[in-house]
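Since every read-out is calculated from the coordinates, none of them should be taken as a lab result. Note that the structure is predicted; figures quoted are calculated from it, not measured.
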């Protein structure tokens, strides 16, 4: 089970001592979503919402409702992108219309977030570099060419954590930093 992810890349965990209700915090630097666990067995992570995922251009959406189904679709998309020797962009859409996109197929990723109303503000992941070149070249649905500046690129593991957070909350993930675009 996963523990909840707090804001600014901080994972909050509850004390096991009932006499000390103050949460401890630790900063996440890297990690895979499946490695995050609750510290107390009796705690339950928030249920994942139903998502529809677009992996290929002009094909039906894949519907998922569990973390393992989400992981399976993302892993399949990663493997397919690697086999094609190109990066793909997949779209996760929540029932409220909010959309999180995720670049798959490499060690790094770019995320973007669009509200269900499709109006600004729009967001992109904030990477460690402020530069724009070299760009990351990707293909939406393995078809449509697009490029992202370096300033949006983050490690894939952090992007996967944010995708799971989105799957549980349907809102802008707080586990990574964002740039308004």
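Pairs of Cα atoms under 8 Å, at least six residues apart: use those to get the relative contact order of region 51-180, whole percent.
23
Viscosity 1.567 mPa s, temperature 4 °C: give me the Stokes-Einstein translational D for region 51-180 in µm²/s, with Rh taken as the Kirkwood radius over C-alpha pairs.
89
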